[in-house]
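S.K.: Handing you a structure now.
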Amino acid sequence: MTSYLRTTILLAGLTALFGVVGWLIGGQGGMIIAFLIALAMNFFAYWKSGDMVLNMYGAYPVDESTSPELVGLVRQLAHNAGLPMPRVFIIESDQPNAFATGRDPEHAAVAVTTGIMRVLSREQIAGVLAHELAHVKNRDTLIMTITATLAGAISMLANFGMFFGGGSSSDQEEGGNNPLGFVGALLMMILAPLAASLVQMAISRSREYEADRIGAEICGRPLWLAGALERIEAAAHSTYIPQAEGHPATAHLFIINPLHGGRSFTDLFRTHPATEDRVARLRAMAGATSTASAPPRRAAGPWG
């Protein structure tokens, strides 16, 4: 019940933000239109936001015949977690990363990049997949995916207001344009880049800590996930996911922030907890806080 209440509160806040931006663009009429659009998008996002994000990243499905080791690993970890088998997807990208999506465990999907299968060992990938399945188990995926979808729409609406927000005083008297005139246009110029950040802050960073903890329990080896986080963080500095750079509102979906600019934000605007803090907690779970983990064993075979 808590996750549903959490989802309802956030969706209500995003709907209200839609209305405010609509009012800044077109007064009362704009607010009504924006509110109706927001309601339609809420309905759409609940049912289709997961597939939409997968399509946005060009993710393609795999099965036992096309990627037997990866799918078999997901199946074993899902069994460990007491979850239904999710759909498995691959994203063509050199950056090692992963995310989970879906409105509930029965409609969940996990997606990994081709980079993660080249850079990480089988054990580290198990840690990453266990983390993503923890998000599914905690039912975080619904709210994370819906907020990514609506944040992008809010940004587009705010950008639209930049071009149609000002207008002459006579236009404003007729109620056709931005009721705050130039001030309203400036507000929307600020809202556009901050819309994604607002949503990312609404997604509590404590969920990542909790997913790390439960993921470590699912795979049984906290150091597998700790090593994976360190390697992903290091590789993400030198590799890009172009779709993420173009849709920053989806950054909070990934196990490590995929955005290059995201690492220069202050702690207030971080979409993820600091990787070193996450690793320290995982090492504490493993009873290895004072020693570095041994180099992980490489995967025994190809990933298919």
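S.K.: What number comes out for the charge environment of Asn80, summing +1 per Lys or Arg and -1 per Asp or Glu over other residues with Cβ under 11 Å away? Could you put the intermediate results ahead of the total?
M.R.: Numbers: positive: Arg75, Lys137; negative: Glu217.
Net charge in that neighbourhood comes out at +1.
S.K.: Further question on the same structure: Can you pull the one-decimal nm distance between simple spin-label points at Phe44 and Glu217, each 7 Å off the Cα toward Cβ?
M.R.: Taking the two extended label points, one gets 3.8 nm.
S.K.: Between Rg and the Kirkwood Rh of the stretch 60-110, both from Cα atoms, what is the Rg to Rh ratio? Mind dumping the intermediate values first?
M.R.: Values: Rg = 11.0 Å, Rh = 11.5 Å.
That ratio is 0.96, to two decimals.
S.K.: Could you tally the net charge around Val279, taking each other residue with its Cβ under 10 Å from the Cβ of Val279, Lys/Arg +1 and Asp/Glu -1? It would help to have the intermediate numbers written out before the result.
M.R.: Values: positive: Arg278, Arg281, Arg283; negative: Asp212, Glu230, Glu233, Glu276, Asp277.
Net charge around Val279: -2.
S.K.: Can you check what the net charge comes to around Leu54, using other residues whose Cβ is under 12 Å from the Cβ of Leu54 (Lys, Arg +1; Asp, Glu -1)?
M.R.: Numbers: positive: Lys48, Arg87; negative: Asp51.
Net charge in that neighbourhood comes out at +1.
S.K.: Through the Karplus equation 6.51 cos²θ - 1.76 cosθ + 1.60, θ set to phi - 60°, convert the phi angles of the stretch 240-247 into ³J(HN,Hα) values in whole Hz; use x for Gly and Pro.
M.R.: 10, 10, x, 5, 5, 4, x, 9
S.K.: Which of the three applies to the stretch 21-87, rounded, prolate or oblate, going by the alpha-carbon gyration tensor with a ≥ b ≥ c and a/c under 1.5 meaning rounded?
M.R.: On the way: a/c = 5.33, a/b = 3.10, b/c = 1.72.
Prolate, since a/c reaches 1.5 and a/b exceeds b/c.
S.K.: Evaluate E = 1/(1 + (r/R0)^6) for Asn138 and Arg118, where r is the Cβ-Cβ distance and R0 equals 35 Å; express this FRET efficiency to the nearest 0.05.
M.R.: Numbers: r = 29 Å, r/R0 = 0.83.
Plugging the Cβ-Cβ distance into 1/(1 + (r/R0)^6) gives 0.75.
S.K.: Same structure, new question: Using amide H atoms built 1.01 Å from N in the peptide plane, name the residues 5+ places from Ser93, or on other chains, whose amide H lies under 5 Å from its own.
M.R.: Result for Ser93 returns Thr114, Gly115.
S.K.: Does a label point 7 Å from the Cα of Met56, set along Cα-to-beta-carbon, have any residues of the stretch 13-36 with amide nitrogen under 17 Å, and which are they?
M.R.: The answer is 14-15, 18, whose backbone nitrogens lie closer than 17 Å to the label point.
S.K.: What is the set of long-range amide H partners of Ala98 at a cut-off below 5 Å, with H atoms built 1.01 Å from backbone N?
M.R.: When sequence neighbours closer than 5 places are left aside, the close amide H contacts are Ile255, Ile256.
S.K.: Could you derive backbone 3J(HN,Hα) for the stretch 48-56 from the dihedral phi with the Karplus parameters 6.51, -1.76 and 1.60 (θ = phi - 60°), listing whole Hz in sequence and x where the residue is Gly or Pro?
M.R.: Values per residue, Gly and Pro as x: 10, 5, x, 5, 5, 5, 4, 5, 4 Hz.
Read-outs: derived from the displayed coordinates by stated rules, not from any lab. This is a predicted model, so every value here is computed, not measured. Please note: Cβ atoms are built from the backbone with ideal geometry, for glycine as well, and neighbour counts cover all protein chains shown.
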